[in-house]
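Contents: one structure, followed by commentary.
The values are calculated or read from the model by the stated rules, or taken from the named source; none is laboratory data. Predicted model, so just to flag it, every value in this text is computed and none were measured. Cβ placement follows ideal geometry from the backbone for every residue including glycine, while neighbour counts extend to all protein chains displayed.
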Amino acid sequence: MKKIQDILQERILVLDGAMGTMLQRYKFTESDFRGERFKDWEHPLQGNNDLLSITQPDAIAEVHGKYFAAGADIVETNTFSGTSIAMADYHMEELVYELNYESAKIAKKVAEEFTGLEPHKPRFVAGSIGPTNKTASMSPDVNDPGFRAISFDELRLAYKEQIEALLDGGADILLVETIFDTLNAKAALFAIEEVKEERKIDVPIMVSGTITDASGRTLSGQTAEAFLISVSHIPILSVGFNCALGASQLVPHLEVISGRSEHFISAHPNAGLPNAFGEYDESPEQMAAQIKEYVEKGLVNIVGGCCGTTPKHISAIAELVKEYGPRKLKVASVSV
């Protein structure tokens, strides 16, 4: 199978859309989340989407299949909260390895089925590594700005457990995404490098930050360029942005990193900004019309969707990018 690095030089690759948006459509109840195995669990489990890889694996496989059928080249594993830090909310820290392993295995099986049907269009699995619900750079207590709820080492170890399971389950790529605190991301990237060294393997790494508001900064205060510089010492496949903003609001930030990065560039924005009910109203056609600016300006190599996006959004994006060539790699103009 062709390496993803080579395919990215030939065409724009399409990432999937929102797993959570699709799972909401199943209207799973508490008992659905529990399944037979966890029916007597002492704590509420509804909302633990990662657990569905164990209790509702057919639904997870179905969602992956819908995204691949819509034209996605890459799907993300159902592991956005798959660390012991995030799973502590459900008292399920002991299940972290299994959750990640099973999630990667499900996605890989579906990817192989689609690759088998269309060998000219190989499908890839990106192990989704979320930011956790703790931040290493900032205090959660306004009265104690020096306090930290988590240390770098605690994050590193938690990420390492997740990374090993994702690779064992068959992930082709590791995607450190929705980064709001770059120090958290550095712990994940450090853990990836550790695992690569221990296993004597190489694995493509995607890094995707999130600009949290109109200030154009991440939650930990970095501009797009500062974020780029702070992760560029790691040998990564791509750098980009996802979540928080709709497609059009991401353009200036993508222009900054595209002009200054020697990596491939990715973007998977939300379907617009949330309405008063926290829902996303942007249609597939509206979203694709905005993403057209990305490809006309040659800003991206990988594009997909985040919150509120569905297979119909991905299908519209996939149709659009067929008409455009990928962003050309350039030598970085920033010193790192």
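Couple of notes before you dig in:
- Qualifying position, being in contact with a helix residue (DSSP H, G or I) (Cβ under 7 Å, 6 or more places away or on another chain), closer than 23 Å to ILE74 by Cβ, modelled with pLDDT of 95 or more and crowded, with 24+ Cβ neighbours inside 10 Å, among ALA267, ALA247: ALA267
- Which listed residue, of VAL207, VAL195, is buried (at least 24 other Cβ atoms within 10 Å of the Cβ), closer than 20 Å to LEU155 by Cα, modelled with pLDDT of 95 or more and in contact with a helix residue (DSSP H, G or I) (Cβ under 6 Å, 6 or more places away or on another chain): VAL207
- Complete set of residues in region 298-331 that are on the phi < 0 side of the Ramachandran plot, under 21 Å from the mean Cα position of the chain (by Cα) and part of a loop (DSSP other than H, G, I, E, B): LEU299, VAL300, ASN301, GLY304, GLY305, CYS306, CYS307, THR309, THR310, PRO326, ARG327
- A count restricted to region 248-285 and to residues that are part of a helix (DSSP H, G or I) and either farther than 23 Å from ALA226 by Cβ or among the hydrophobic types (A, V, I, L, M, F, W, C) (or both) stands at 7.
- Residue ranges of helices (runs of 4 or more DSSP H) in region 1-112 with at least 3 members in contact (Cβ under 8 Å) with a residue 40 or more places away in the chain and under 16 Å from GLY130 (Cβ atoms): 19-24, 84-87
- Residues located in region 113-143, provided they are outside any loop (DSSP other than H, G, I, E, B) and exposed (fewer than 14 other Cβ atoms within 10 Å of the Cβ): GLY116, LEU117
- Summed over region 268-321, residues that are touching a residue at least 40 places away in the same chain (Cβ under 8 Å) and small (Gly, Ala, Ser) total 7.
- Complete set of residues in region 211-238 that are of a type in the set (Val, Ile, Thr) and modelled with pLDDT under 95: ILE211, THR212, THR218, THR223, ILE229, VAL231, ILE234
- Looking at region 144-247, the helices (runs of 4 or more DSSP H) lying wholly inside it that each contain 1 or more residues that are within 18 Å of the chain's Cα centre (by Cα) and farther than 30 Å from PRO274 by Cα sit at 152-169, 182-199.
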